[in-house]
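A.B. asks: To start, I am sharing the structure in question, which I have written as C-alpha coordinates.
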Amino acid sequence: MTLQVELVSPESVAYSGEAKTVVARVATGDIAFLTGHIPFIGILQTHPVRVIQEDGSELSIAVASGFVEVSDDKVTILSDVCELPDEIDVPRAQAAKARAEEALKADPEDVEAKAALARAETRLTVAGGGSSSSSH
(Lines give C-alpha, C1' and ligand atoms only; values in the text may rest on other atoms or scores of the structure.)
Protein backbone atom coordinates (compact mmCIF):
# COMPACT_ATOMS: atom_id res chain seq x y z
CA MET A 1 0.00 0.00 0.00
CA THR A 2 1.05 3.57 -0.60
CA LEU A 3 0.14 7.00 0.66
CA GLN A 4 -1.62 9.52 -1.57
CA VAL A 5 0.34 12.75 -1.20
CA GLU A 6 -0.46 16.35 -2.14
CA LEU A 7 1.66 19.42 -1.43
CA VAL A 8 -0.33 22.54 -2.21
CA SER A 9 0.45 26.26 -2.16
CA PRO A 10 -1.83 29.15 -3.14
CA GLU A 11 -0.09 29.23 -6.54
CA SER A 12 -0.11 25.56 -7.47
CA VAL A 13 -0.03 21.89 -6.58
CA ALA A 14 3.72 21.34 -6.14
CA TYR A 15 3.40 17.56 -5.89
CA SER A 16 0.60 15.07 -6.27
CA GLY A 17 1.31 11.36 -6.29
CA GLU A 18 2.07 8.30 -4.26
CA ALA A 19 4.76 7.65 -1.66
CA LYS A 20 5.90 4.99 0.78
CA THR A 21 6.79 7.58 3.45
CA VAL A 22 6.47 11.33 3.97
CA VAL A 23 8.71 13.06 6.52
CA ALA A 24 7.80 16.57 7.69
CA ARG A 25 8.96 18.81 10.53
CA VAL A 26 6.33 19.96 13.02
CA ALA A 27 6.73 21.93 16.26
CA THR A 28 7.78 18.81 18.21
CA GLY A 29 10.30 17.58 15.62
CA ASP A 30 10.33 15.40 12.51
CA ILE A 31 7.41 13.05 11.96
CA ALA A 32 7.21 10.24 9.42
CA PHE A 33 3.90 9.20 7.91
CA LEU A 34 3.38 5.65 6.65
CA THR A 35 0.26 3.84 5.48
CA GLY A 36 -2.12 3.20 8.36
CA HIS A 37 -1.04 6.33 10.26
CA ILE A 38 -3.64 7.60 12.72
CA PRO A 39 -5.42 10.85 11.74
CA PHE A 40 -3.11 13.79 12.40
CA ILE A 41 -3.14 17.57 11.97
CA GLY A 42 -0.02 19.59 12.69
CA ILE A 43 1.67 22.92 12.10
CA LEU A 44 4.66 22.64 9.77
CA GLN A 45 7.98 24.30 10.40
CA THR A 46 10.00 25.87 7.60
CA HIS A 47 12.00 22.82 6.53
CA PRO A 48 12.25 20.39 3.61
CA VAL A 49 9.48 17.80 3.33
CA ARG A 50 10.83 14.44 2.20
CA VAL A 51 8.67 12.26 -0.06
CA ILE A 52 10.13 8.75 -0.22
CA GLN A 53 8.98 6.48 -3.05
CA GLU A 54 8.49 2.69 -3.01
CA ASP A 55 11.81 2.25 -4.85
CA GLY A 56 13.66 4.26 -2.19
CA SER A 57 14.13 7.38 -4.32
CA GLU A 58 13.45 10.61 -2.49
CA LEU A 59 12.12 14.02 -3.44
CA SER A 60 12.78 16.98 -1.13
CA ILE A 61 10.37 19.89 -1.33
CA ALA A 62 11.00 23.28 0.29
CA VAL A 63 8.09 24.21 2.54
CA ALA A 64 7.72 27.48 4.45
CA SER A 65 5.41 26.76 7.37
CA GLY A 66 1.80 25.66 6.89
CA PHE A 67 -0.22 22.63 7.91
CA VAL A 68 -0.09 18.87 7.42
CA GLU A 69 -3.15 16.65 7.61
CA VAL A 70 -3.16 12.86 7.50
CA SER A 71 -6.30 10.79 7.16
CA ASP A 72 -7.13 7.48 5.46
CA ASP A 73 -3.65 7.05 3.93
CA LYS A 74 -3.72 10.54 2.43
CA VAL A 75 -1.15 13.20 3.38
CA THR A 76 -2.08 16.77 2.50
CA ILE A 77 0.38 19.59 3.05
CA LEU A 78 -0.83 23.18 2.73
CA SER A 79 1.86 25.84 2.73
CA ASP A 80 2.45 29.40 1.58
CA VAL A 81 5.50 28.09 -0.29
CA CYS A 82 6.09 24.63 -1.81
CA GLU A 83 9.09 24.51 -4.15
CA LEU A 84 10.64 21.59 -5.97
CA PRO A 85 14.45 21.55 -6.38
CA ASP A 86 14.37 22.66 -10.02
CA GLU A 87 12.09 25.61 -9.20
CA ILE A 88 14.50 27.23 -6.74
CA ASP A 89 16.53 30.26 -7.81
CA VAL A 90 19.79 29.46 -5.98
CA PRO A 91 21.49 32.89 -6.39
CA ARG A 92 18.32 34.58 -5.10
CA ALA A 93 18.19 32.21 -2.10
CA GLN A 94 21.88 32.84 -1.38
CA ALA A 95 21.29 36.61 -1.51
CA ALA A 96 18.27 36.29 0.81
CA LYS A 97 20.37 34.23 3.25
CA ALA A 98 23.12 36.89 3.24
CA ARG A 99 20.58 39.69 3.84
CA ALA A 100 18.99 37.78 6.71
CA GLU A 101 22.38 37.06 8.30
CA GLU A 102 23.31 40.76 8.10
CA ALA A 103 19.98 41.75 9.68
CA LEU A 104 20.56 39.25 12.48
CA LYS A 105 24.02 40.68 13.15
CA ALA A 106 22.36 44.06 13.72
CA ASP A 107 19.48 42.59 15.76
CA PRO A 108 19.80 38.95 16.86
CA GLU A 109 16.14 38.94 17.94
CA ASP A 110 14.74 40.09 14.55
CA VAL A 111 11.85 37.64 14.04
CA GLU A 112 11.40 38.47 10.36
CA ALA A 113 15.12 37.97 9.67
CA LYS A 114 15.07 34.62 11.50
CA ALA A 115 12.13 33.50 9.35
CA ALA A 116 13.83 34.74 6.17
CA LEU A 117 17.01 32.87 7.10
CA ALA A 118 15.07 29.63 7.70
CA ARG A 119 13.31 29.97 4.32
CA ALA A 120 16.58 30.65 2.48
CA GLU A 121 18.41 27.76 4.18
CA THR A 122 15.51 25.41 3.39
CA ARG A 123 15.55 26.43 -0.27
CA LEU A 124 19.33 25.99 -0.49
CA THR A 125 19.15 22.56 1.18
CA VAL A 126 16.48 21.39 -1.28
CA ALA A 127 18.20 22.89 -4.33
CA GLY A 128 21.59 21.47 -3.37
CA GLY A 129 20.26 18.07 -2.41
CA GLY A 130 18.38 17.39 -5.63
CA SER A 131 15.76 14.68 -5.84
CA SER A 132 17.83 11.87 -4.33
CA SER A 133 19.09 13.62 -1.19
CA SER A 134 18.80 11.83 2.11
CA SER A 135 20.21 14.70 4.16
CA HIS A 136 18.12 16.81 6.50
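A.B. asks: For the range 32-54, enumerate the residues that are surrounded by 16 or more Cβ atoms within 10 Å (Cβ to Cβ) and either of a type in the set (F, W, Y) or within 14 Å of the chain's Cα centre (by Cα) (or both).
C.D. replies: If the condition is that a residue be surrounded by 16 or more Cβ atoms within 10 Å (Cβ to Cβ) and either of a type in the set (F, W, Y) or within 14 Å of the chain's Cα centre (by Cα) (or both), then F33, G42, L44, Q45, T46, H47, P48, V49, R50, V51, I52 are the ones that fit.
A.B. asks: Follow-up. From the list S16, S57, exactly one residue is open to solvent by 20 Å² or more (accessible area, probe 1.4 Å) and either over 16 Å from the mean Cα position of the chain (by Cα) or touching a residue at least 60 places away in the same chain (Cβ under 8 Å) (or both). Which is it?
C.D. replies: After ruling out the rest, the residue left standing is S57.
A.B. asks: Does S9 meet the test of being touching a strand residue (DSSP E or B) at 6+ places or on another chain (Cβ under 7 Å), small (G, A, S), without any contact (Cβ under 8 Å) to a residue 40 or more places away in the chain and within 21 Å of A64 (Cβ to Cβ)?
C.D. replies: When the stated conditions are applied, S9 does not pass them.
A.B. asks: Of E11, E102, which residue is assigned to a helix (DSSP H, G or I), on the phi < 0 side of the Ramachandran plot and not aliphatic (A, V, I, L, M)?
C.D. replies: Residue meeting the stated conditions: E102.
A.B. asks: Restricting the range 48-69 to residues that are of a type outside the set (D, E) and not in a strand (DSSP E or B), which is nearest to A19 (Cα to Cα)?
C.D. replies: Checking each candidate, the answer is Q53.
A.B. asks: Could you tell me whether the range 70-86 includes any residue that is in a helix (DSSP H, G or I), open to solvent by 50 Å² or more (accessible area, probe 1.4 Å) and more than 17 Å from V5 (Cα to Cα)?
C.D. replies: Yes.
The values are calculated or read from the model by the stated rules, or taken from the named source; none is laboratory data. Owing to the predicted nature of the structure, the values given are computational and were not obtained by experimental measurement. Glycine also receives a Cβ, built like all others from the backbone with ideal geometry; neighbour counts cover every protein chain displayed. Please note that ligands, DNA and RNA were not included when accessible areas were found on the heavy atoms of the full protein model with its side chains. Shrake-Rupley method; radii C 1.70, N 1.55, O 1.52, S 1.80 Å.
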